[in-house]
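The values are calculated or read from the model by the stated rules, or taken from the named source; none is laboratory data. Here the structure is a predicted model, which is why all the values come from computation and not from measurement. We place every Cβ from the backbone using ideal geometry, glycine too, and count neighbours over all the protein chains shown.
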């Protein structure tokens, strides 16, 4: 039986990246595997910001890393401009790398402590042989200014900068190669609240300035809503729900999405606080539940939830898809 | 009104480092009533964790402490000097952020709880273990009799944190300090842990100090919220008052900078300009002035005193937000294009909390 | 100017933390140690041209003459000048020590980095090699090599080098694994750098630091190891002078009782040198550990 279905895949010429039936596993111990991502499909249109949200163990970071082949993919395709990133190898894979760049979670660990930041930022240009001439110097300076780091500090090393500044250096590094897609893996989770806004604003500005498409991974529901056009909610390696950011938060259909929105410290007004009382612990990803993976904790289960895996279906006329046997009916919102 | 349970008065904590003397806590004073839940909110470097550790006598020996801490009439610092063994962990206990470092990885969970009971309460082995099972049940751990024999790594993060809470409650404390107790866990687990702490607090009539960087957490759970910045306590008020009508520009700035779930997607966020304050040899001025849109000359000349009504609301600012004086100050700065500290400002975006 | 552009202009002016003023120094003792190492190395290199006695000249002075007699540090049983013999002995002792460790670091380091970076089969094979080398009794290995080849200077140096491969290699491997997991290495891969570039530009500058500290310590160990080999008669053959051999010469029972200086001068030289190397190695390790962590 196929995974969660291809319903959300759009037939749109603007689609830049299409992930189909992605499966990723990690070996653990002798015989067991962790089913990190178990058959998910989605696409990203050019110029869009797609947010992926979920709790630990849901597979969101694994999805991000798999797209750029930082982990190996068990099966599935990642279609980018006619090429399948999942099956490229060697030099072919390397050649496509400049198009898809990444921002990492830990700003300090993501910069080589022994290198000057100017070298860190220009590494991409150096790798692809473009450091000759003043053009590259100008580009480095332009990038540094764009992220708000004075170029005269280019000779300093990462430990001399704050967390927020390091993250901005990381953004400059990613942009040096003029990528089309920028994958942001929890880019503000390790930063202080007062610095987060700065980095998020810079990402928005860079997106507009350089015409980027963003894939934004985070566990923070408010942050994800703020930056995204569309959002995917994941649980234990599966997609629960996909939809437009505002719509999804206003009319969440999947019980897990609703539980998330009810659990945040200042719960979303669109759900009832009691929906956050999901019992039990996260099941083991080594032996995930059969049927719907959320069945061990959902308040609305029936027999079918334990035997048959739900397939993605469109909900209403909106660009919203749910994988659930009993998606919650939501009336048109009554925001007072 | 009864005397407050905890009185902290003009607390200063300093650490000598290779770069100089760090003023981690720089004149903090507050009180806590019995049964009250106080939230202390601040970012890294604000001094909130150091304050908690000072209350719990957990500072390194190089720390220099000044000021007084009085708990239920007892001078806590005097107790520390006399090396009191059965105060911390009994009357006043603490729950830390990372359950893996609070729990000994090579000892069973039940044993760790029982240890506390044997040491402080003088219980024998079997009584202590029985109580441990009971405590695990009280903190909502399923199958407590089985869990009592498990090692920390066999439990999930949320369950481990419950074990830590059980340990903290074993000797029936009057005050529980929770330092970022839910920062390391997922949001659904966080909700249940905070619900648990709420329930336990009410059942036992315990007071609590909840330290967090997450304003939302403080808002949902606390009676009063205090905001710390640069080692100082800059504002304290009952929760709803703080969130709807704050006085300190830093509180205001924090509220404007965090993305809110009600805001539509792509709402432009308002960053707080500038860098965190210098804690080594801090100048005699308002710590927030270099980043404050209201800043005027007076802000650079002295540290603002606490104004407002003690016990009702307090704030330390010369030109507070949501007051006429503060509004005028900001308007003057906008007209000039910058504040007295050289911070450039333009007309702020409309819309607030 | 929008608020954000203004804010970025302000940020751009912010000074990153300037820590040159508060740089942790290596300490006076470190420089004294380095001074000694440099002095003894120079003395060893320049020995033939220094204005000291001929170390091989028998009956340079009265046999078994004590310290501060006609000869600065006395003479040995054959009347040879002990001071001169010690200075010349440094040539071999330091030579095999340094060369040995260089062999160990280059071969061991390279293998360790390859094992740590590529993992998989390469790691299994190389780790097995290290494991085998470590399990083999060191002196038996030395015996085998010198018995089957010869006991020339180069062979002895090579022997000491081979003995150093495994410990250094394991450290290199562990450090490489630790750094390979850091996000900056993943970032380099995402940018499209090839493995060779990642190893040289990203890993090597980080791995070299702990290895450098271990290298200094390793030199000390090699020098002492040469002494042990001398006691087994496995040090450099013939009339070549080394500290180990001098110590053995001076350790005949009668000499130790009555003319202790013959053994103790080279012992002192070895002790001071190894102490200096250990201390320097340790200081380098401490100093660089601190620089690594940000804040």
Notebook entry, point to check: Residues of the range C:190-210 being under 17 Å from residue A:97 (Cα atoms), out of contact with any strand residue (DSSP E or B) (no Cβ under 9 Å at 6 or more places or on another chain), within 7 Å of chain A (Cβ to nearest Cβ) and not in a loop (DSSP other than H, G, I, E, B), which ones?
Noted result: C:197
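Quick grid of which residues meet (1) at positive phi; (2) part of a loop (DSSP other than H, G, I, E, B):
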{"position": "B:211", "(1), (2)": "no, no"}
{"position": "B:216", "(1), (2)": "no, no"}
{"position": "B:266", "(1), (2)": "yes, yes"}
{"position": "B:276", "(1), (2)": "no, yes"}
{"position": "B:298", "(1), (2)": "no, no"}
Item checked: Conditions (1) closer than 24 Å to residue A:128 by Cβ; (2) within 21 Å of the chain's Cα centre (by Cα); (3) free of Cβ contacts under 8 Å to residues at least 40 places away in the same chain; (4) buried (at least 24 other Cβ atoms within 10 Å of the Cβ); number of the one not met by residue A:199 -> (1)
Check: If you go through the range A:100-117, how many residues are more than 8 Å from chain C (Cβ to nearest Cβ), crowded, with 20+ Cβ neighbours inside 10 Å and modelled with pLDDT under 95?
Finding: 2
Margin query: Let me confirm something: among B:295, B:316, B:335, which residue is more than 26 Å from the chain's Cα centre (by Cα), outside the structural domain of residue B:238 (by TED's automatic domain parsing) and surrounded by 21 or more Cβ atoms within 10 Å (Cβ to Cβ)?
Written below: B:295
Margin query: If I ask for residues that are outside any loop (DSSP other than H, G, I, E, B) and modelled with pLDDT under 90, which ones from the range A:296-312 would you list?
Written below: none
Checklist line | Residues of the range B:190-205 that turn out to be surrounded by 21 or more Cβ atoms within 10 Å (Cβ to Cβ) and either in contact with a strand residue (DSSP E or B) (Cβ under 6 Å, 6 or more places away or on another chain) or more than 8 Å from chain A (Cβ to nearest Cβ) (or both), as a count | finding: 2
Check: When the range C:248-295 is examined, which residues are found to be at pLDDT 85 or above and more than 25 Å from residue C:229 (Cβ to Cβ)?
Finding: C:282, C:283
Item checked: Single unsatisfied condition, residue A:173 versus (1) within 10 Å of chain B (Cβ to nearest Cβ); (2) assigned to a helix (DSSP H, G or I); (3) under 20 Å from the mean Cα position of the chain (by Cα) -> (1)
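Quick one: is residue A:148 under 20 Å from residue A:69 (Cα atoms) and facing chain C (nearest Cβ under 8 Å)?
In short, no.
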Notebook entry, point to check: Considering the range B:170-195 alone, what residues qualify as being within 16 Å of residue B:97 (Cα to Cα) and touching a residue at least 40 places away in the same chain (Cβ under 8 Å)?
Noted result: B:176, B:177, B:178, B:179, B:180, B:181, B:183, B:184, B:192
Next item on the list: Kindly provide the set of residues from the range A:151-170 that are away from chain C (no Cβ under 11 Å) and modelled with pLDDT under 90, ordered by number.
Entry: none
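Which strands (runs of 3 or more DSSP E) does the range B:4-66 wholly contain that include 2 or more residues that are over 16 Å from residue B:210 (Cα atoms) and more than 14 Å from every other protein chain (Cβ to nearest Cβ)?
B:6-17, B:20-32
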Note to self: Being at the interface with chain B (Cβ under 8 Å from one of its Cβ atoms), part of a loop (DSSP other than H, G, I, E, B) and either surrounded by fewer than 24 Cβ atoms within 10 Å (Cβ to Cβ) or touching a residue at least 24 places away in the same chain (Cβ under 8 Å) (or both) narrows it down to one residue among A:204, A:281; which is it?
What the structure shows: A:281
Checklist line | Given (1) over 21 Å from the mean Cα position of the chain (by Cα); (2) away from chain A (no Cβ under 14 Å); (3) free of Cβ contacts under 8 Å to residues at least 40 places away in the same chain, number of the condition residue C:120 does not satisfy | finding: (2)
Check: Taking residue A:113 and the conditions (1) over 25 Å from residue A:67 (Cα atoms); (2) in contact with a strand residue (DSSP E or B) (Cβ under 6 Å, 6 or more places away or on another chain), which numbered condition does it fall short on, given that it satisfies the others?
Finding: (2)
